[in-house]
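**Q** Sharing a structure here in structure tokens format.
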Amino acid sequence: MSLAVRALPPATDSPPPVRVMVCDDSLTIRGAIARILDSDPAIRVVARAVNGRAAVEELARTPVDVVVLDIEMPVLDGLAALPLLLKADPQLRVIMASTLTTRGADIAMRALRLGAADYVPKPSSIGSAGDDTFARELIEKVKGLARLRRRAAAAMLSPAGGRAGATPVAARA
């Protein structure tokens, strides 16, 4: 009887890329946000969705660390989809993104109360020369929230992580 030996991949110090889903009803905005995120080698957009219902369905098929979720969409808007996404994956980190202005602060606070991890206002024109700030902020938030998710998962797996299923308070920040 012969034993097959498989070569192990080389050891690496860098963590796997952050897996992101972008959910926006605008094809242009989805593409622009995906390009911004994919420009960072530590991030991979692994899923895209056209509305909240499609995001919930996609999450069942594709594991992600962070979702960038638009608020105003047809079929199922971001505020309605948010609790469904978090029910499907309680450790998921969601960044709400919207161009809302006057109502934006109220809606952002509502999203945070519903469990969103953060909020980022979309510029009125993604792809313009002035959106560097948006790109930097989005990338920073995605990477930071992914680190929190991974720490929370590691804490839950460690023997000192507390009771099974418990989520450290700081991990839901």
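The values are calculated or read from the model by the stated rules, or taken from the named source; none is laboratory data. Since the structure is predicted, the reported quantities are computational estimates derived from the model, not experimental observations. Counting neighbours? That spans all protein chains shown, and the Cβs are built from the backbone with ideal geometry, glycine included.
**Q** Pull out all pairs, ordered by first then second residue, where Cβ-Cβ is under 7 Å, the residues are six or more apart or on different chains, the first lies in the stretch 145-170 and is closer than 12 Å to Arg93 by Cα, and the second is among the basic types (Lys, Arg) and at pLDDT 85 or above.
**A** Hits for this filter: Leu145/Arg93; Ala146/Arg93; Leu148/Arg93; Arg149/Arg93.
**Q** Of these, Arg48, Arg19, Arg53, Arg110, which one is farther than 18 Å from Lys141 by Cβ and part of a strand (DSSP E or B)?
**A** Arg48
**Q** Could I ask something else about it? Return the total of residues in the stretch 62-83 being over 9 Å from Gly52 (Cα atoms) and modelled with pLDDT of 95 or more.
**A** Of the residues in that region, 8 qualify.
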